[in-house]
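Step one of this worksheet: look at the structure below.
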Amino acid sequence: MEQFPKSFLTESLLFECRTRLIEARRDILDRVRAGREEFEHLDKSGGDEADQTMSLLAENDFLTSQQRLMERLIEVDLALARLESGHYGICEETDEPIEIERLRAIPWTRLSIEGAEIRETIKRRFARS
């Protein structure tokens, strides 16, 4: 991947994004812990079929939410690694700088708006196959 000069990203923007990423990481980890504690305190004892079904649904919801949080955590950690390596703010699809407004809105993003549109087009094309 081509390394762009950091001139398109100011030090204050990099600091802002790093701070937001660290806060997002902390928030995700807190939510993972809270979800785990909440799940551990659910009544998972036998009961009738309806109780067992509700217990299974709660477990499924827990696992789904934990998976989403872990996927987001990975994205945040990858963004922090890109910051450290000097590749932050470069679209993985187009190799062009990601829009500053987009980085402020989604500091862990790996794609510019154009790159996201390209990926979505490819995804739709393969979904039809």
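No value in this document is a laboratory result; all are computed from the given coordinates. This one's a predicted model, so the numbers in the text were calculated from it and none came from an experiment.
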Item to check | Taking only Cα atoms of the chain, radius of gyration then Dmax in Å | outcome: 19.6, 64
Checklist entry - Tilt of helix 113-128 relative to the longest C-alpha principal axis of the chain, in degrees (0 to 90, nearest 10)? => result 50
Checklist entry - What are the residues whose amide H is under 5 Å from the amide H of residue 90, where those residues sit 5 or more places off or on another chain and H is modelled from the backbone? => result 98
Item to check | Per-residue ³J(HN,Hα) for the range 47-55, Karplus 6.51 cos²θ - 1.76 cosθ + 1.60, θ = phi - 60°, Hz, x for Gly and Pro | outcome: x, 7, 4, 5, 5, 5, 5, 4, 5
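Find the relative contact order for the range 90-129 and round it to a whole percent, using C-alpha pairs within less than 8 Å whose residues are 6+ positions apart.
Values: 34 pairs, mean separation 16.1, N = 40.
This gives 40 percent for the range 90-129.
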Item to check | Whole-Hz ³J(HN,Hα) from phi, Karplus 6.51 cos²θ - 1.76 cosθ + 1.60, for the range 16-23, glycine and proline x | outcome: 4, 5, 4, 4, 5, 5, 5, 5
